[in-house]
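K.L.:
I have a structure I would like to understand better, so I am pasting it below and will then ask my questions one at a time.
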Amino acid sequence: ADLHAANVGKAVEGGAIAVVAPGTGLGEAFLTYENGRYRAHPSEGGHASFAPNDPQQLELLRYLQQRLGHVSCERVCSGLGLPNIYAFLKDSGFAEEPSWLAEKLAASKDHTPVIVESALDTARPCPLCITTLRLFVAILGAEAGNMALKVLSTGGVYIGGGIPPRILPVLEQQDFMQAFLNKGRFADMLQRMPVNIILNPKAALLGAASYGLAAW
């Protein structure tokens, strides 16, 4: 009940595990199996450079480079990143911003929940928000695939953070796994890796408690 399978795969016993967690920022970590248990290792992978995978993402990178200089993955794959993608699509003329959405954004300090809620609202579809979320999901899938290759996560890939559980219907579409598997000669290897979305909102707290108890 704590997990939702995006790709069933088959985990290798004792294989390394990758964690990619978009929330306010983009957290990344990995686990290795040592002396009968898994040990967690931190990283700052979320601040590594964003690598575009298609012409639209290349234009997104150029757009943000002009405004930010260095463009990390976190700038496009987190709660901070969603408004950046939205601004790019709006300013590039992809679609017109509806007046009702402009009012909502103007009244909110945090634009991310507004964008996500509008993208998932089937009663009043918003092309700008829908495409923002789809682009976000494709970037997340690609970055999860990058992390899986870097740590050779044959034990599985776990997608954490506060955003994924809220956008499960979009993660279940083809964009996420298609981007995850788009690694050329290593697509078959990635296809064998389990990919799970962490649904338990207390996962980070439970992990900290587990670590503290083990060290006591």
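The values are calculated or read from the model by the stated rules, or taken from the named source; none is laboratory data. Given the structure is predicted, the values throughout are model-derived calculations rather than measurements. Methodologically, a virtual Cβ is constructed for each residue, glycine included, from the backbone with ideal geometry; neighbour enumeration extends over all protein chains shown. When the accessible area is computed, the model is the full protein with side chains, heavy atoms only, and any ligands, DNA or RNA have been set aside. Shrake-Rupley method; radii C 1.70, N 1.55, O 1.52, S 1.80 Å.
K.L.:
In region 77-175, which trypsin sites (Lys or Arg not before Pro) fall in coil by DSSP and have 15 or fewer other Cβ atoms within 10 Å? Let's see the in-between values first.
P.N.:
Working: sites: LYS90, LYS104, LYS109, ARG134, LYS150, ARG166; in loops: LYS109.
Loop-located and lightly packed - LYS109.
K.L.:
Another question about this same structure. Using a 7 Å offset from the Cα along the Cα-to-Cβ direction at both SER108 and ASN53, what is the distance between the two label points in nm, to one decimal?
P.N.:
Label-label distance for SER108 and ASN53, simple model: 2.6 nm.
K.L.:
May I ask you to list the GluC sites (Glu not before Pro) in region 81-176 that are in a DSSP loop and have at most 16 other Cβ atoms within 10 Å of their Cβ? Intermediate values should be presented prior to the final figure.
P.N.:
Numbers: sites: GLU96, GLU103, GLU117, GLU143, GLU172; in loops: GLU96, GLU172.
Filter output for region 81-176: GLU96, GLU172.
K.L.:
Further question on the same structure: When DSSP beta bridges are limited to those with both residues in the chain, what percentage is antiparallel, rounded to the nearest 5? Mind showing how you got there, number by number?
P.N.:
Numbers: 17 of 24 bridges.
Antiparallel: roughly 70 percent of the beta bridges in the chain.
K.L.:
Could I ask something else about it? At 222 nm, what helix-only mean residue ellipticity would the chain give, in deg cm²/dmol to the nearest 500, using -39500 (n - 2.57) for each DSSP H run of four or more?
P.N.:
Details: 9 runs with 98 residues, N = 216.
Estimated from H runs of four or more residues: -13500 deg cm²/dmol.
K.L.:
If you average the alpha carbon positions of region 41-61 and of region 1-27, how far apart do those two centres end up, in angstrom?
P.N.:
Taking the Cα centre of each part, region 41-61 and region 1-27 sit 19 Å apart.
K.L.:
Magnitude of the Cβ-charge dipole of the chain, K/R +1 and D/E -1, about the Cα centre, nearest 20 debye? Walk me through the numbers before you get to the answer.
P.N.:
Values: 17 positive and 19 negative charges, 72 e Å.
Dipole about the Cα centre, nearest 20: 340 debye.
K.L.:
So, one more: Answer rounded, prolate or oblate for region 21-214, using the Cα gyration tensor with square roots of eigenvalues a ≥ b ≥ c: rounded when a/c is under 1.5, else prolate when a/b is larger than b/c, else oblate. Present the calculation step by step, with values, prior to reporting the outcome.
P.N.:
Details: a/c = 1.91, a/b = 1.56, b/c = 1.22.
The shape class here is prolate.
K.L.:
Below 14 angstrom from the Cβ of MET189, what's the summed charge of the other residues (Lys, Arg +1; Asp, Glu -1)? Intermediate values should be presented prior to the final figure.
P.N.:
Values: positive: LYS10, LYS150, LYS183, ARG185, ARG192; negative: ASP188.
Computed value for this residue: +4.
K.L.:
Of the listed pairs LYS10/LYS183; LYS90/LYS150; LYS10/LYS202, which have alpha-carbon separations greater than 22 Å here? Kindly include the intermediate steps, with their values, before the conclusion.
P.N.:
On the way: LYS10/LYS183 19 Å; LYS90/LYS150 34 Å; LYS10/LYS202 26 Å.
In this structure, LYS90/LYS150; LYS10/LYS202 lie more than 22 Å apart at Cα.
K.L.:
Ordered by residue, what ³J(HN,Hα) values in Hz, to whole numbers, does region 125-130 give under the Karplus form 6.51 cos²θ - 1.76 cosθ + 1.60, where θ = phi - 60° and Gly and Pro are x?
P.N.:
Couplings: x, 10, x, 4, 6, 4 Hz.
K.L.:
Could I ask something else about it? Can you pull the percent of the chain's accessible area that's carbon plus sulfur, 1.4 Å probe, other chains left in place? Could the numbers behind the result be given before it?
P.N.:
Numbers: 6450 of 11650 Å².
Here it works out to 55 percent.
K.L.:
Next up: If a cysteine in the chain has no other Cys Cβ under 4.7 Å from its own Cβ, put it on the list, ordered by number.
P.N.:
Isolated Cys, the chain: CYS73, CYS77.
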